[in-house]
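The values are calculated or read from the model by the stated rules, or taken from the named source; none is laboratory data. In this text the structure is predicted, and so the values were computed from the model without any measurement. Here the Cβ is made from the backbone with ideal geometry for all residues, glycine too, and neighbour counts use every protein chain on show. Heads up: the accessible areas ignore ligands, DNA and RNA and are worked out on the full protein's heavy atoms, side chains in. Shrake-Rupley method; radii C 1.70, N 1.55, O 1.52, S 1.80 Å.
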Amino acid sequence: MVKGKILKYYREQKGYTQEQLSKGICSVSHLSKIERGITEYSEEITAILSKQLNINIQDEVRKFKNFEVTLQEWQNAIVMLDTDEMQVKKAALDANPLKNIPDFQVRYSLLLARHYLVFYEIEKCHKLMENVKKLDINLSPYESNLYNHVQGIYYFSIGSYKKSIEILKKIDSNYSSQEYYYHLAISYHAVHNNTLAQYYAQKALHYFQETLNFTRILDT
């Protein structure tokens, strides 16, 4: 399935149609099924298709898997506010040509927007969020929640505290990062609702204690 996604990505990058790439190798319908991950295929076929695209499919699979791991490490560094590690992970991701593959495009863009917010690059964040909004892609439940989280932080950063609360309250149980409780707490604190600020601060504190996030414990 991963190989099919990689073949499709590089085929489109190089401007080949399915008919052009599959000619003399397999049928167009078979290539289409390979790209969608809905058929069995031989290693020989993927090797020949890869050669046509001038890529090493095994290397590209490793890059794909490394991207997934590094993306999560980048997110962890952002939550930890480890700015040095954030820069290292961002550089590694930027050097990976698969950052624009559909599997990663939205999450990478949203984490980049979040990265910019940590460094107070508000306008860069705003532009990225607008670009994500324009993408013709159905967001997964996790991506929708991540979008709301980043958007909520953005609104807090520009002083729109009530809008920040409105957006952050849309986050549901499909979202694994309870860090957003912290951003709800500071947003409620900014509008002088001390009861809810304390309530969400306690939830954030519990999360940061569980994850041994000492920097954020002190912040909370």
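Which order do 189, 30 take by accessible area at a 1.4 Å probe, largest first?
Putting 189, 30 in descending order of accessible area: 189, 30.
Among the lysines, which fall within straight-line cross-link reach of residue 203, defined as a Cα-Cα distance under 18 Å, with same-chain neighbours fewer than 8 residues apart omitted?
Counting by Cα, and skipping residues close in sequence, residue 203 has these lysines nearby: 169, 170.
Could you work out the relative contact order of the chain? I mean the mean sequence separation of Cα pairs under 8 Å and 6+ apart, divided by the number of residues, in percent. Walk me through the intermediate numbers first.
Values: 223 pairs, mean separation 26.0, N = 220.
Relative contact order, the chain: 12 percent.
Using 20 Å as the cut-off for backbone N distance, which residues of the range 85-110 belong to the label zone defined by a point 7 Å from the Cα of residue 158 along Cα→Cβ?
What the label zone holds, given the 20 Å backbone N cut-off, is 109-110.
Along the charge dipole of the range 5-129, pointing to its positive end and built from +1/-1 on Cβ of Lys, Arg, Asp and Glu, which listed residue (39, 120, 16) has its Cα farthest out?
Of the options given, the answer is 16.
Give the accessible surface of the range 1-107 per residue, rounded to a whole number of Å², with probe radius 1.4 Å and ligands, DNA and RNA excluded.
Heavy-atom accessible area per residue stands at 55 Å².
Using a 1.4 Å probe on the protein chains only, how many percent of the accessible area of the chain belongs to carbon and sulfur?
Roughly 49 percent of what the probe reaches on the chain is carbon or sulfur.
What is the local net charge at residue 88, summed over the other residues whose Cβ is closer than 12 Å to its Cβ (Lys, Arg +1; Asp, Glu -1)? Can you show the working numbers first?
On the way: positive: 89, 90; negative: 73, 82, 84, 85, 94.
In short, -3.
With a cut-off of 8 Å between alpha carbons and a minimum separation of six or more residues, what is the relative contact order of the range 1-56 in percent?
Here the relative contact order equals 43 percent.
Could you check the spin-label model distance between residue 173 and residue 215? Points 7 Å from the Cα along Cα→Cβ, value in nm.
Label-label distance for residue 173 and residue 215, simple model: 3.2 nm.
In terms of the Cα gyration tensor, with a ≥ b ≥ c the square roots of its eigenvalues, is the range 133-220 rounded because a/c is under 1.5, prolate because a/b exceeds b/c, or oblate?
Taking the square roots of the gyration eigenvalues as a ≥ b ≥ c, the range 133-220 is oblate.
Using the Cα centre of the range 114-153 as the reference point, and only Cβ charges (+1 on K/R, -1 on D/E), how large is the resulting charge dipole? Debye, rounded to the nearest 20. Mind showing how you got there, number by number?
Values: 5 positive and 5 negative charges, 6 e Å.
Dipole of the range 114-153, to the nearest 20 debye: 20 debye.
Report, ordered by chain and residue number, the lysines lying within cross-link reach of residue 3, taken as a straight Cα distance under 16 Å and ignoring same-chain residues fewer than 8 apart.
Straight-distance partners of residue 3: 33, 51, 63, 65, 99.
Given contacts defined as C-alpha pairs under 8 Å and at least six residues apart, what's the relative contact order of the range 55-148, whole-number percent? Numbers along the way, then the final one.
On the way: 56 pairs, mean separation 20.9, N = 94.
With pairs under 8 Å counted, the relative contact order is 22 percent.
Can you give me the Cα centroid spacing of the range 72-88 and the range 95-139 in angstrom?
The range 72-88 and the range 95-139 have Cα centres spaced 16 Å from each other.
Report the chymotrypsin sites (Phe, Trp or Tyr not before Pro) located in the range 155-220 that are in a DSSP loop and have at most 13 other Cβ atoms inside 10 Å of their Cβ, or state none.
The qualifying sites: there are none.
Using a Förster distance of 41 angstrom, determine the FRET efficiency expected from the C-beta separation of residue 142 and residue 62, and round it to 0.05. Intermediate values should be presented prior to the final figure.
Details: r = 24 Å, r/R0 = 0.59.
Plugging the Cβ-Cβ distance into 1/(1 + (r/R0)^6) gives 0.95.
List the GluC sites (Glu not before Pro) within the range 10-47 that fall in a DSSP loop (any state other than H, G, I, E or B) and whose Cβ has at most 12 other Cβ atoms within 10 Å.
Qualifying residues, ordered by number: 40.
Charges only on Cβ, +1 for Lys and Arg, -1 for Asp and Glu: so what's the dipole of the range 6-82 about the Cα centre, in debye to the nearest 20?
The calculation lands at about 280 debye.
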